[in-house]
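Readers should treat all values here as calculations from the given coordinates under stated rules, not as data from a laboratory. These numbers come from a predicted model, not from an experiment. Every residue, glycine as well, gets a Cβ built from its backbone with ideal geometry; the counts of neighbours run over all protein chains shown.
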Amino acid sequence: ATSKMAGADSDDSLYPIAVLIDELRNEDVQLRLNSIKKLSTIALALGVERTRTELLPFLTDTIYDEDEVLLALAEQLGNFTMLVGGPEYVHCLLPPLESLATVEETVVRDKAVESLRKISHEHSPVDLEVHFEPLVKRLASGDWFTSRTSACGLFSVCYPRVSSTVKAEIRQHFRTLCSDDTPMVRRAAASKLGEFAKVLELEYVKSDIISLFTALASDEQDSVRLLAVEAGVSIATLLPQEDLETLVMPTLRQAAEDKSWRVRYMVADKFSDLQKAVGPEITKNDLVPAFQNLLKDCEAEVRAAAANKVKEFCENLPEDSRETIIMTHILPCVKELVSDTNQHVKSALASVIMGLSTILGKDNTVEHLLPLFLAQLKDECPEVRLNIISNLDCVNEVIGIRQLSQSLLPAIVELAEDAKWRVRLAIIEYMPLLAGQLGVEFFDEKLNSLCMAWLVDHVYAIREAATCNLMKLVEKFGAEWAQNTIVPKVLGMANDPNYLHRMTTLFCINALSEVCGQEITTKHMLPVVFKMSNDQVANVRFNVAKSLQKIGPVLDSNCLQTEVKPVLEKLASDQDMDVKYFAQEAISVLSLA
Amino acid sequence: VNAPRGGVGGGNDFQWCFSQVKGAIDEDVAEADIISTVEFNCSGELLATGDKGGRVVIFQREQESKNRLLSRGEYNVYSTFQSHEPEFDYLKSLEIEEKINKIRWLPQQNAAHFLLSANDKTIKLWKISERDKRAEGYNLKDEDGRLRDQFRITTLRVPVLMPMDLMVEASPRRIFANAHTYHINSISVNSDYETYLSADDLRINLWHLEITDRSFNIVDIKPANMEELTEVITAAECHPHQCNVFVYSSSKGTIRLCDTRAAALCDRHSKFFEEPEDPSSRSFFSEIISSISDVKFSHSGRYMMTRDYLSVKVWDLNMENRPVETYQVHEYLRSKLCSLYENDCIFDKFECCWNGSDSAIMTGSYNNFFRMFDRNTRRDITLEASRENSKPRAMLKPRKVCTGGKRKKDEISVDSLDFNKKILHTAWHPKENVIAVAATNNLYIFQDKIN
């Protein structure tokens, strides 16, 4: 009301907008970013006309800013159509996005291209030819490679919606960029080749795209050739089966045997997609030997990438010959990889090898795979063993875990006691899974003591994980099991001379109270917590306060009032500041004041 | 396009003349002002220097004036910025100098220019860009910066861009740190324009220009036991056209060529260039003086040139057992090695460079002398970077060092050479006969003058 009196014709709703506009140029990047993120608010206040004639021209030249501001701007402009007056005026957004599409920062350029692609759909067919397509041409023939790389991503969105003459021009532009002088542009073209092929008429795929693909796949730059592999996969999905052999396969075969390991790596990495794209016949005749070669590649990176694909490749083999192919062609290579010299290769294999048992069935698994699993369980590299253990469920379904348990136990024990705490941490995380697979009996007999030992590990992260592990075990085996096996041991640690172990008791209680339920908590845990409120170490005492706050919701209100409240009140008058603080916090959270 | 004419000058062909000198004239040279690297960009329009104070100075060639023969585009300061600051590694209790060891320009990608600069540990990517517009008009302030009454706002003002004086800004775009335990001696941009390598005494790392938090170690010659260390990496460079090929030189005088296609780790080289030692000239200093201080591929990619203490060698990449050409830089120092060892000069790291057409090479020496060798005529010339003949367009007189016997007129005796004045860093314009020569804190620019 005051503001209305101060200036009769002023509008107090303008003030926040005025601040936003001024802050577009604030020295503080965060404020500029904030303003850019609220660009739609500014545009709304200005109205469509002023947005078009004043705001957008200003933004078009705002390309000096920090990347994060430009990135936000590029993103905002993709959603600006309504704010400039709807599809009729959407072409007004092209100049600022065009300048953003030429900056050197890839993320900004990519975002500008993404927004351009988005708003291209909002252009009418006429506007597309009058405004959008000339922009693509300008970018494609720009002096700097930044603009030419951006152009590569725009061809596929205009192509389907323009006249056949313009289509021919677009194809010509794309062809030119595929043989650009700079590898950056050829890379951009190679990475968009598949996408562009999808919108082309089949005849042009066969004529234009195939020759571009062949050229890019034999580019002198490794970084271009490796991108052509992915394009090859996309192109293969577009062609009728009978053309694949002559048009695509020679190039792909050549890529699988490329001199550069990076290209072969790419082939290995895309192998499953490739397999789906070329279909069962070519898979049988061509891809199986190629895959064998990749599994035996001289470069470990390639072998590791191929090893990662073993399961998927086998799964996708044509059913009629799957087992024969695996047994005669793939398994021998897999066997060699089990004793590879490189640990990344072994560990990649270990992460998928268990999956073969479902494909091969019980008998083959027992006869052929089991020896490999056992060998990997004894591998010198902990990561290999961990990967086997983390995938036990696949084997369990097929042959039951008992077959493995003899070797499993020593492997687990060894990992549980590994000198590297990260290894110990990893095996703890698999304990609930293992417990589920092995059953309560086996667990109590063999693994329970390990789980308890972790509670007194000298690394905090292990003790913490061990606490969390107990909770998950109780979720699996139930409260009664907890009461009989772990609760007594946990509570026993409350008398440990080491205060860190006494605190572990409290942390366990925090984690277990809810899964164990009210009765066990009240009857067994609470008395111990109360007793610890007299601990001589302040850290233990304030953790008592925190624990009481944590387990409060599990307790009944009578217990809270008559038992918990006096203890917290006593702690609230503790000499130690932190104890006081956490006691007061608990009192207020539990509403006991 | 001016095809670069071959030759080193001094004959009938053309003569080198003085063009410009940059830097203070004082006799007292501040350590921080000593130039530690010189590099033209790909077009030759920009010239960058780095110094021991961590600064980078970029010179831009002025537009050529009407009278082309008289004024051929001088280089003037375009931008100066502090690239590296002195640091302290608290974990290793080591001081990290701010000195710029290398500058490499990136191929131009838009209106801005980019370069990599490295000190001993950290590589930075800098963007040098121009700004000639400024936004004007605020809502809450008037033109003088006085705040307006917020209740008086009746309309919104959108800022407008107005022309202003050209401003050149240098901004750090990426910082590639924490990958080098030893001192970085080389950086080199790959011909794929997306990766570059950096080399220190024992390792070579491969970086992606857009990724700062990881690099791939492609060469590691660190022995398990450091007492077994016999050899260090002294320089490394990527092939100008073949993205998979790079070379590195060693303190033992050998060069290894590696192929990144063959394997991810390039511990095994694919070519090994070494000249068998002449047993007759073997001495206590043999190993020290054979250490390679610089290696450079020719623009064509067919040859590479290496600089050791006394000579420059040109190798054909197809011939590993000996260089195709060897040029003596200052053979008269062979008898002085003992005193050069005592004053540490023997460990000076001279660099070398090719001219634009690979027909001539240039490298530095002592007494502010620098040498050029014409590969076709085998003619060589010694020139001096000196204030004494720094009159505009003054012709450079060839210098001669007297090597025993009677000293002729105009000759300088070996004993009167000033070993504190050394030319370690030189650069040749990629297309023209324009050279930049760093002499302590001064940068000399010389050009050819057609007779």
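Under 5 Å from the amide H of B:PHE246 lie the amide H atoms of B:HIS239, B:CYS258, B:THR260, each residue being 5 or more positions distant or on a separate chain, with H modelled from the backbone and absent for Pro and chain starts. What you get for chain B, charging only the Cβ of Lys and Arg (+1) and of Asp and Glu (-1), is a dipole of about 1360 debye around the Cα centre.
Using a Förster distance of 60 angstrom, determine the FRET efficiency expected from the C-beta separation of A:GLU114 and B:LYS409, and round it to 0.05. Please report the intermediate quantities before stating the final value.
On the way: r = 74 Å, r/R0 = 1.24.
So the FRET efficiency works out to roughly 0.20.
Take the Cα of B:SER300, step 7 Å toward its Cβ, do the same at A:GLN518, and the gap between the two points is 9.3 nm. Extending 7 Å from Cα along the Cβ direction at B:GLU62 and again at B:ARG393 yields two label points whose distance is 1.4 nm. The value of relative contact order for chain B, using C-alpha pairs under 8 Å at least six residues apart, is 16 percent. The peptide list A:403-413, A:186-196, put in order of mean Cβ contacts within 10 Å with the highest first, becomes A:186-196, A:403-413. Candidates A:LEU447, B:MET167, A:GLN437 compared by Cα position along the dipole of the protein assembly as shown: farthest toward the positive end lies B:MET167, with charges placed on Cβ. What whole number of Å gives the distance from the Cα centroid of the stretch A:438-471 to the Cα centroid of the stretch B:222-253? The distance from the Cα centre of the stretch B:222-253 to that of the stretch A:438-471 comes to 50 Å.
Under 5 Å between amide hydrogens, built in the peptide plane, is the criterion, and for B:THR195 it picks out B:ASN190, B:LEU209 among residues at least 5 positions away or on other chains.
Across the stretch A:296-333, the residues whose backbone nitrogen lies under 20 Å from the label position 7 Å along the beta-carbon direction of A:ASP363 are A:319-332.
Shape class of the stretch A:208-297 from the alpha-carbon gyration tensor: oblate, with a/c at 1.5 or above and b/c at least as large as a/b. Its Cα gyration tensor gives the stretch B:404-451 an equivalent ellipsoid; the semi-axes, largest first and in whole Å, are 28, 17, 8.
The Rg/Rh ratio for chain B, using Cα coordinates for both the radius of gyration and the Kirkwood hydrodynamic radius, is 1.02. Extension gain for the segment A:SER40 to A:GLU242, taken as residue separation times 0.36 nm less the Cα-Cα distance, is 67.5 nm to one decimal.
Spatially close Lys pairs in the stretch A:92-212, defined by Cα atoms under 23 Å apart and a spacing of eight or more places or different chains, total 15. Expressed as a whole percent, the proportion of Cα-Cα pairs in the stretch A:469-593 lying more than 22 Å apart is 30%.
Summary value for chain A: 5 percent relative contact order, contacts being C-alpha pairs under 8 angstrom separated by 6+ residues. Over all pairs of different C-alpha atoms in the stretch B:377-418, the reciprocal of the mean inverse distance, the Kirkwood hydrodynamic radius, equals 12.1 Å. Label separation (A:GLU312 vs B:SER339): 7.1 nm, computed from points 7 Å beyond Cα along the C-beta direction. 3J(HN,Hα) along the stretch B:103-109, derived from phi through the Karplus expression 6.51 cos²θ - 1.76 cosθ + 1.60 where θ = phi - 60°, amounts to 10, 9, 7, 8, x, 5, 10 Hz, with x in place of Gly and Pro.
Grab the Cα-Cα distance for B:ASN225 and B:TYR182, subtract it from 0.36 nm times how many residues apart they are, and report the gain in nm with one decimal. Intermediate values should be presented prior to the final figure.
Working: separation 43, 0.36 × 43 = 15.48 nm, distance 1.59 nm.
Stretched out fully, the B:ASN225 to B:TYR182 stretch lengthens by 13.9 nm.
Annotation for the stretch A:64-139 versus the stretch B:390-440: alpha-carbon center distance of 57 Å.
Remark on B:LEU106: its backbone amide H falls under 5 Å from those of B:PHE114, B:LEU115, B:LEU116, a criterion applied only to residues 5 or more positions apart or on other chains, H modelled at 1.01 Å from N. Please give the residues of the stretch A:574-590, grouped as numeric ranges, whose backbone N is less than 18 Å from a label point set 7 Å along the Cα-to-Cβ vector of A:PHE530. It comes to A:587, nothing else. Peptides B:39-46, B:289-296 ordered by packing proxy, namely the average of other Cβ atoms within 10 Å per residue, highest first: B:289-296, B:39-46. With θ set to phi - 60° and the Karplus curve 6.51 cos²θ - 1.76 cosθ + 1.60, what are the ³J(HN,Hα) couplings of the stretch A:367-375 in order, to the nearest whole Hz, using x for Gly and Pro? Computed from phi, the couplings for the stretch A:367-375 are 6, 10, 8, 3, x, 5, 4, 5, 4 Hz. Based on every Cα atom in chain A, Rg and the maximum pairwise Cα distance Dmax equal 33.1, 92 Å.
Extents of the protein assembly as shown, taken as max minus min of Cα coordinates on every principal axis and listed largest first, are 111, 93, 79 Å.
Computed from the Cβ-Cβ distance with R0 of 45 Å, the FRET efficiency linking B:ARG131 to A:GLU585 stands at 0.25.
Estimated at 0.36 nm per residue, the fully extended path between A:SER218 and A:GLU397 surpasses their Cα-Cα distance by 59.8 nm.
So which GluC sites (Glu not before Pro) in the stretch A:384-434 are both in a DSSP loop and have at most 15 other Cβ atoms within 10 Å of their Cβ? Write out the running numbers ahead of the final one.
On the way: sites: A:GLU397, A:GLU414, A:GLU417, A:GLU429; in loops: A:GLU417.
Of the GluC sites (Glu not before Pro), the ones in loops of the stretch A:384-434 whose Cβ has at most 15 other Cβ atoms within 10 Å are A:GLU417.
The calculated 222 nm mean residue ellipticity attributable to helices in chain B amounts to -500 deg cm²/dmol, summing -39500 (n - 2.57) over DSSP H runs of n ≥ 4 and dividing by all residues. In summary, the convex hull built on the alpha carbon positions of the stretch B:305-351 has an orientation-averaged projected area of 3.6 nm².
Just want to confirm a number: the relative contact order over the stretch A:138-193, from Cα pairs under 8 angstrom separated by 6+ residues, in percent. Don't jump to the answer; show the numbers that get you there.
Numbers: 47 pairs, mean separation 21.4, N = 56.
Relative contact order comes out at 38 percent.
In order along the stretch A:421-426, phi translates into HN-Hα couplings of 5, 5, 5, 4, 4, 5 Hz, rounded to whole numbers, per the Karplus curve 6.51 cos²θ - 1.76 cosθ + 1.60 with θ = phi - 60° and x for Gly and Pro.
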